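The values are calculated or read from the model by the stated rules, or taken from the named source; none is laboratory data. Predicted model only: the values in this text are computed from it and were never measured. Note that we place each Cβ from the backbone using ideal geometry, even for glycine, and neighbour counts take in every protein chain shown.
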């Protein structure tokens, strides 16, 4: 079985929102490997002494146990276009290290690093190749009820009641004004939102 991983944001040498990563990691370990014990990433991850106070991406690779931990300085990716790509067979309900099916879809449809895909499964809006999404209808921020992967930032925003789950079909896109990508490394900042009609390419 493939290895899994967590991506945790580290700022000022501190890991962010670890409880949400712990929950997903331990749920995955229980469901996939039958593990009964619970791991606490705060106790298991040692912050390197040579990193600065800048933003770092901490990647934790695991199966039953933690296999590897690495820290890399983080540079956000700018996305100017999202291509709608239909795939009804894709399944990424666990955060597997093997992302070949998603990576291949992105390579087939994108021309450069400032482009990405927005995957449509069974007529529903799901995720980009590397993030969950939120959509603004002029009053509220919604996130797809059936994403490919339930991200930790998505979970926190739902917990904080800053976004609302909604079953969003492809034909519902016309009802939204703005789109904002979210993941463990990307903050929910509506000032960074893009206009749906300008960024999404059908």
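Let's see how each residue does on (1) surrounded by 12 or more Cβ atoms within 10 Å (Cβ to Cβ); (2) under 17 Å from residue 68 (Cα atoms):
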{"residue": "6", "(1), (2)": "yes, yes"}
{"residue": "11", "(1), (2)": "yes, no"}
{"residue": "17", "(1), (2)": "yes, no"}
{"residue": "21", "(1), (2)": "yes, yes"}
{"residue": "30", "(1), (2)": "yes, no"}
{"residue": "36", "(1), (2)": "no, no"}
{"residue": "45", "(1), (2)": "yes, yes"}
{"residue": "55", "(1), (2)": "yes, no"}
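Among the listed residues 61, 51, 66, 8, identify the single one that is out of contact with any helix residue (DSSP H, G or I) (no Cβ under 6 Å at 6 or more places or on another chain) and at pLDDT 95 or above.
Working: 51 fails: at pLDDT 95 or above; 66 fails: out of contact with any helix residue (DSSP H, G or I) (no Cβ under 6 Å at 6 or more places or on another chain); 8 fails: out of contact with any helix residue (DSSP H, G or I) (no Cβ under 6 Å at 6 or more places or on another chain).
After ruling out the rest, the residue left standing is 61.
Considering only segment 11-30, state which residues are out of contact with any helix residue (DSSP H, G or I) (no Cβ under 8 Å at 6 or more places or on another chain), part of a helix (DSSP H, G or I) and in contact (Cβ under 8 Å) with a residue 60 or more places away in the chain.
Taking segment 11-30 first, the residues out of contact with any helix residue (DSSP H, G or I) (no Cβ under 8 Å at 6 or more places or on another chain) are 11-14, 16, 19, 26-30.
Still in the list and also part of a helix (DSSP H, G or I): 19, 26-30.
Result: 28, single match.
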All positions within segment 153-193 that are touching a residue at least 60 places away in the same chain (Cβ under 8 Å) and touching a strand residue (DSSP E or B) at 6+ places or on another chain (Cβ under 8 Å): 153, 170, 179, 181, 183, 184, 185
Could you please give the count of residues in segment 120-136 that are touching a helix residue (DSSP H, G or I) at 6+ places or on another chain (Cβ under 7 Å), closer than 23 Å to residue 78 by Cα and not in a strand (DSSP E or B)? 1
Among the candidates 194, 161, residue that is surrounded by fewer than 12 Cβ atoms within 10 Å (Cβ to Cβ), farther than 19 Å from residue 95 by Cβ and out of contact with any helix residue (DSSP H, G or I) (no Cβ under 8 Å at 6 or more places or on another chain): 161
Kindly state which strands (runs of 3 or more DSSP E) lie completely within segment 137-202 and contain at least 3 residues that are closer than 23 Å to residue 76 by Cβ and at pLDDT 95 or above. 141-144, 178-182
